[in-house]
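Visitor: My questions will all concern the structure given below.
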Amino acid sequence: MPPGDVALQEGRLMDTRKLSYFVQIVDSGSITKAAAALHVAQPALSQQVSALENDLKQRLLIRSKQGVEPTAAGHTLYRHAQSILRLVEQARQDVATSGAAPSGRVSIAIAPYSMASSLTPQIISEVSRRYPDIVVHLTEIFGGVLSEAIKNGRLDMALIYEPGKIRGVQFTTMIVEDLHLVVHPGLDVNHSEDTVTLAEASKVGLFLPEKNHTLRQIIEKGLAGQDLPLKLVGEVESVPSLTRLIRANLGGTVLPKSAADALFPDQDFKVLRIVEPGLQSKIALCTPDHEPLSEAASAVLMVVKEMLHQQLIKKYGTDPVQLPAHP
């Protein structure tokens, strides 16, 4: 049941105080602890839970000597209650600040190993210039934990390698790029001008991120589709470390060319487009699909889109939603 459907239930259910009490009980794991935190008498708190269970005709909590645990129905209500309470709080803030300049904290995740990670200075600078009352919280994060962070409201948006459909979030593809093998100029790789076959690339020892990274999954799937092995030298999620390892000619990596240009601007690494077959990745903007962005987050989202647009124009002299793909 979407949050809006819950919101349309009879008035007793939509007493947001009951919902906030229920969330506190689940978070505390104990009605006694929740009552102390809320400064509410324990019998009164138990009555609120009973009222919710009567309204929904479902048992919401399992009580034991160790405390309380939500049932399956309780978990569902807990998730929707969090969304409803965030929406109510956001509505209060938006109404209070209506007509004023956007303000508040906006959290963004930007994928490591991507061109998007080079946009951090421009994003911070432009948001500070336009919206001095907005504080941007920037982090690098991998796709494996992203969906939960977005759905639970810990992140407002993210620029990441697109992993495919994930319930609760939506992806807007910003750019599609061919993947390239990045190696030390002294590494002997059988290649033709600026391309290398996937079979030849598979012979190179690679430094890649962990398995939960979408980029790693694309590479592994591409190799497996051609019955080629992955020659993994190590898992590296630090760009400075990756730079030093490739510079020491200990192995290579696989990235979109824009990411290689952004991450290794002062290096003379070989950057060879992978062909026969080619591999592609998508950079996408990720936002929640179940609730609107705050006014501050919407303002930052506009800046992020502008910065990415300018970066593409600067790099490629064009305005592509999708860069030219090669067979």
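The values are calculated or read from the model by the stated rules, or taken from the named source; none is laboratory data. On a predicted model such as this, the values are computed, not experimentally measured, just so you know. Cβ placement follows ideal geometry from the backbone for every residue including glycine, while neighbour counts extend to all protein chains displayed. Side chains included, ligands, DNA and RNA excluded: accessible areas come from the protein's heavy atoms. Shrake-Rupley method; radii C 1.70, N 1.55, O 1.52, S 1.80 Å.
Visitor: At a 1.4 Å probe, what is the % contribution of carbon and sulfur to the accessible area of the range 71-219? Please list the in-between numbers first.
Guide: Details: 3440 of 6720 Å².
Result for the range 71-219: 51 percent of the exposed heavy-atom area is carbon or sulfur.
Visitor: How far, in degrees from 0 to 90, does helix 214-225 lean away from the longest principal axis of the Cα atoms of the chain, to the nearest 10?
Guide: Here the helix axis deviates by roughly 60 degrees.
Visitor: Can you tell me, using C-alpha contacts under 8 Å and at least 6 residues apart, the relative contact order of the range 126-243 as a whole percent?
Guide: After rounding, I find 21 percent.
Visitor: Where does each of Arg273, Arg130, Arg154, Arg167 land when they are ordered by accessible area, with a 1.4 Å probe and the largest first? Before the final figure, lay out the partial values.
Guide: Working: Arg273 40, Arg130 75, Arg154 145, Arg167 210 Å².
Final ranking, largest accessible area leading: Arg167, Arg154, Arg130, Arg273.
Visitor: Going by accessible area, probe 1.4 Å, with all protein chains left in place, what is the ranking of His290, His80, largest first?
Guide: If we order His290, His80 from most to least accessible, we get His290, His80.
Visitor: So how far apart, in nm, are the two label points at Arg247 and Thr173 if each is 7 Å from Cα heading toward Cβ?
Guide: The modelled label-to-label distance comes out at 3.6 nm.
Visitor: Given R₀ = 35 Å, FRET efficiency for Val233-Val135 by Cβ-Cβ distance, to 0.05?
Guide: Using R0 = 35 Å, I get an efficiency of 0.30.
Visitor: For the range 107-262, take the convex hull of the Cα atoms, compute a quarter of its surface area, and give me that in nm², please.
Guide: One quarter of the hull surface, i.e. the mean projection, equals 10.4 nm².
Visitor: Suppose the chain between Asp261 and Ile124 were pulled fully straight at 0.36 nm per residue; how much longer would it get relative to their current alpha carbon spacing? It would help to have the intermediate numbers written out before the result.
Guide: Details: separation 137, 0.36 × 137 = 49.32 nm, distance 2.10 nm.
Full-extension gain reported as 47.2 nm.
Visitor: 222 nm [θ] for the chain, helices only, -39500 (n - 2.57) per DSSP H run of 4+, per residue, to 500?
Guide: -13000 deg cm²/dmol
Visitor: Hey, if we sort Asp227, Asp178 by accessible area with the 1.4 Å probe, largest down, what's the order? Don't skip to the end; give the middle numbers.
Guide: Numbers: Asp227 140, Asp178 15 Å².
The ordering from most to least exposed comes out as Asp227, Asp178.
Visitor: Moving on. Among Pro288, Pro265, Pro209, whose mean-square fluctuation peaks in a Gaussian network model of the chain (Cα, cutoff 10 Å)?
Guide: Looking only at Pro288, Pro265, Pro209, the largest GNM fluctuation is found for Pro265.
Visitor: Measure nothing fancy, just the Cα-based angle from helix 295-316's long axis to the longest principal axis of the chain, in degrees from 0 to 90, nearest 10.
Guide: 10 degrees
Visitor: While we're looking at this one, here's another question. Normalised by the residues of the chain, what does the relative contact order come to in percent, with Cα pairs under 8 Å and at least six apart?
Guide: 21 percent
Visitor: If I model a spin label as a point 7 Å beyond the Cα along the Cα-Cβ vector, how far apart are those points for Arg92 and Val189 in nm?
Guide: 5.6 nm
Visitor: Also: For Val169, enumerate residues with amide H under 5 Å from its amide H, sequence gap 5+ or separate chain, H modeled in the peptide plane.
Guide: Counting only residues 5 or more places away or on other chains, the set is Asp289.
Visitor: Using only Cα atoms, tell me the angle between helix 72-96 and the longest principal axis of the chain; keep it within 0 to 90° and round to the nearest 10.
Guide: 90 degrees
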